[in-house]
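Read-outs: derived from the displayed coordinates by stated rules, not from any lab. All of these numbers come straight from a predicted model, not from anything done at the bench. Glycine gets a Cβ as well: all are built from the backbone with ideal geometry, and neighbour counts include every protein chain shown.
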Amino acid sequence: MAIHCHQPVGNFDFVFEEAYTRAYEPFLTTLERHPTVRLALHYSGSLLDWLATHEPAFLDRLHRLVRRGQVEFLASGYYEPILPLIPDADRQGQLALMRQAIQRRFGLTPSGLWLTERVWEPELPHTLAQCGIRYTILDANQFRIAQGVLPSHLQVQDEQDWDLLGCYVTEYAGSSVVLFPASKRLRYWMPFQEVSRTIEFLKRLIQKGPIAITFADDGEKFGFWPTTHRWVYEQGWLEQFFSALERESSWLKTETCSRYLAQVGPNGRVYLPCGSYEEMLEWSGGYFRNFFVKYPEANAMHQKMLSVSHRLRELKAHLVPSTALGARQGSRLKAKHNKPRASSLQPPTKQREERLRQAERELYMAQGNDAYWHGVFGGLYLAHLRRAVYRHLMTAEQLLQQASGRLPAREFLDLDGDGHREGLLRSRSLSVVVDPAENGTVTELDCYSKAINLVDTLARRYEPYHEKLGGKRLAPVARGGQAPTSIHELLGVKEEGLEAILAYDDHRRSCFIDYALSAMPTLQDVRRSMWGEHRLWSGGPWDLQEGRGRSASSDRATVTLSRHVQDGGCLRKAITLFRDHPRLAFRYQLVDLDVPIVGLEFNLCLRDDRWSEPRWQESVRKFQVRDPSVGLSVTMAIDLPASLVTFPIETVSESEEGLERTYQGLAIVCLWSTSRNHRWSCGLEWVVEDL
């Protein structure tokens with residue numbers, strides 16, 4: 001058995017506390033009463049850090065279980081990254097950090113790995129073997145594609161499910177690791193079925209020689225998932241289960257994976273394609289990386305993370321070597337490129353090394369998996385988790401900039417991995433990403449003083465579970481011996497009337513989205529994205545004018561875009577960032593076009609209670625959003641009076657406790673009547689200030 005416990009970086013402290021009180025602590029208390037029950041435990045680094053600060057005695061109790069041989073610890077990436085999605089150097093760094101922490105706290109060096117979300121890719125054995133990992137656990141469904149070459153007598157097929165017993169070695173480029181297949185049947189039964197049903201099933205598996213069946217799942221299901229605490233502890237399911245394991249010890253033993261490998265060894269060889277557990281494959285469209293197709297907001301975070309990682313490795317590789325030979329080589333390199341001495345541009349080497357170490361830790365924290373995907377858990381839909389990713393990435397960027405010196409005020413790079421170049425503007429206080437392929441919009445606006453991406457919003461998208469809204473409700477708390485409903489079968493609502501706020505966007509909620517309209521829309525049209533019938537043309541890619549705009553040496557930097565539409569007409573955009581002031585200017589222009597109504601849309605992740613309801617205002621020249629919780633205000637000045645529509649962007653997403661409303665940001669839409677002026681233009685300016 002392997003039990004995995006995790007709380008993500010950026011989660012609320014009260015969630016850590018509740019998970020500890022309802023699941024982690026009572027599980028350990030029950031385990032301590034059954035010293036012959038052996039299993040593997042995994043606690044993510046973010047959870048270990050919280051426990052060390054808030055519940056250090058809990059770690060001492062775990063240490064005692066390790067010393068008496070009852071528990072072995074599984075490693076992982078320290079901050080629970082999905083390993084295939086991060087560069088190999090980061091994989092090795094995160095694994096080393098976790099193994100060192102386990103050795104320091106519990107006195108053993110783990111040889112097993114909890115593979116985050118069981119996301120497997122075939123080249124992983126190379127990384128794992130290099131890091132001293134001997135085995136990991138995958139779900140049994142991932143082995144099913146190879147059932148024709150697996151031992152038939154170790155496959156259990158019935159009308160309910162398919163199980164694979166034992167464990168199997170796999171390799172990549174000569175590096176091998178052992179894979180234990182975890183039973184989906186047991187994952188769904190425990191703790192949601194009577195103990196007797198599990199024991200009767202296990203009796204069917206008795207063979208002449210020792211053979212293993214593996215159970216692996218989240219520790220939160222033992223008390224923290226909805227309705228489980230009463231069933232598992234107050235009504236005694238876990239106590240009954242551990243007692244049954246001890247009672248049946250003549251034929252049924254619990255063992256750690258490493259001891260099983262030492263006693264029995266692998267039961268064969270297997271090669272597996274990319275995969276994960278069945279639910280994850282369903283949520284992702286068959287392959288985890290498809291989340292980055294479905295949710296461009298997730299792809300933006302992922303690509304930014306990869307960019308920071310690349311920059312970090314680049315700087316680490318170019319640190320001035322400490323040996324005389326290295327110093328001479330470094331001098332020749334600087335002379336060849338006619339650059340000044342490093343000391344005139346960069347901090348001293350030791351200071352740079354410390355900043356790079358700090359940046360690496362910030363990068364690792366930003367690689368935690370939770371905010372990059374969505375399934376039954378909120379993940380991507382939870383704004384505070386996305387905000388934590390951006391906070392740590394921006395902090396890492398600032399540390400890297402301090403270690404390397406000033407970066408250009410304007411660059412043109414492929415920042416989102418789509419094969420097209422984006423414009424990147426930097427100032428002392430802000431940085432801006434302009435994406436020509438994404439309707440010529442601003443897709444990122446980073447404010448360094450608060451380490452927040454002001455455009456970190458999420459579009460309202462259709463999710464399959466929306467079809468069931470208004471149908472099922474939360475299962476009642478287990479009473480009178482009734483088992484709770486599994487989280488995979490539970491669909492409830494956290495508040496009534498959610499169906500009324502369902503709306504779906506046909507675009508990403510970025511900034512500086514432009515619309516050409518045949519008539520003025522209504523407030524409801526704009527709020528529910530139902531103004532398509534008024535649009536004269538749809539959105540599309542823009543041309544990036546890389547040679548235009550002021551140079552990086554001036555007091556500002558500009559990205560200029562253009563787009564040709566309708567019989568030779570042209571649209572133009574310019575985005576200007578001021579170097580020494582937190583100011584951002586937008587300029588929009590129509591050339592030789594007959595457009596009755598122009599709309600420009602901006603979306604901010606800030607929350608201002610004054611704009612909590614949809615509103616329509618006329619003749620607006622100035623508008624401000626203040627968010628005391630963040631400590632920022634954004635003031636928008638408009639050079640032509642506009643009709644202004646504002647409304648909150650709210651999504652309906654599934655979480656452990658049911659469907660819930662989540663605030664994603666504030667939409668601000670400016671509308672103008674052009675009087676059919678064929679050469680029409682307007683400008684807006686934002687000022688971002690600390691409160």
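Pairs to check: Lys304/Lys450; Lys184/Lys221; Lys221/Lys253; Lys468/Lys494. Give those whose C-alpha atoms are more than 21 Å from each other in this structure.
Numbers: Lys304/Lys450 18 Å; Lys184/Lys221 14 Å; Lys221/Lys253 23 Å; Lys468/Lys494 14 Å.
From the list (Lys304/Lys450; Lys184/Lys221; Lys221/Lys253; Lys468/Lys494), the Cα-Cα distance tops 21 Å for Lys221/Lys253.
Per-residue packing, averaged as other Cβ atoms within 10 Å, sorts the ranges 11-23, 528-540, 576-588 into the order 576-588, 11-23, 528-540, beginning with the highest.
Please work out whether the stretch 556-691 counts as rounded, prolate or oblate from its C-alpha gyration tensor, where a ≥ b ≥ c are the square roots of the eigenvalues and a/c under 1.5 means rounded, while otherwise a/b larger than b/c means prolate and anything else oblate? Can you show the working numbers first?
Values: a/c = 1.95, a/b = 1.53, b/c = 1.28.
Prolate, since a/c reaches 1.5 and a/b exceeds b/c.
If a/c stays under 1.5 just call it rounded; otherwise compare a/b with b/c (prolate if a/b is bigger, oblate if not). Do that for the stretch 573-625, with a ≥ b ≥ c from the square roots of the Cα gyration tensor eigenvalues. Note, shape of the stretch 573-625 comes out oblate.
Highest mean packing first, where packing is the average number of other Cβ atoms within 10 Å per residue, the peptides 597-608, 615-626, 139-150 line up as 597-608, 139-150, 615-626.
Per DSSP H run of n ≥ 4, the term is -39500 (n - 2.57); total these for the chain, divide by its residue number, and report the mean residue ellipticity at 222 nm rounded to 500 deg cm²/dmol.
Numbers: 18 runs with 191 residues, N = 691.
Here the helix-only value at 222 nm equals -8500 deg cm²/dmol.
For the stretch 558-684, the relative contact order comes to 28 percent (Cα pairs under 8 Å, sequence separation of at least 6).
The ranking of His374, His63 from fewest to most other beta carbons within 10 Å of each one's beta carbon is His63, His374. Suppose we keep just the DSSP beta bridges with both residues in the chain; what percent of those would be antiparallel, to 5? Counting only bridges with both partners in the chain, antiparallel ones make up about 85 percent.
By the equivalent-ellipsoid construction on the alpha carbon gyration tensor, the stretch 131-174 comes out with semi-axes of 23, 12, 9 Å, ordered largest to smallest. Centre-to-centre separation between the Cα atoms of the stretch 165-207 and those of the stretch 643-661: 39 Å. All Cα-Cα distances of the chain, cut into 20 Å bins from zero to the largest, leave 16, 45, 30, 9, 0 percent in each bin in turn. Along the axis of the charge dipole computed for the chain (Cβ charges of +1 for Lys and Arg, -1 for Asp and Glu, origin at the Cα centre), the listed residues Phe14, Ile452, Ala96 are led at the positive end by Ala96. Summing Cβ point charges (Lys, Arg +1; Asp, Glu -1) relative to the Cα centre of the chain gives a dipole of roughly 2520 debye.
His420 to Leu252: extension gain in nm, 0.36 nm per residue of separation minus the Cα-Cα distance? All intermediate terms of the calculation are to be shown ahead of the outcome.
Numbers: separation 168, 0.36 × 168 = 60.48 nm, distance 5.87 nm.
Result for the pair: 54.6 nm of gain on full extension.
Considering all C-alpha pairs of the stretch 2-288, those separated by over 35 Å amount to 13%.
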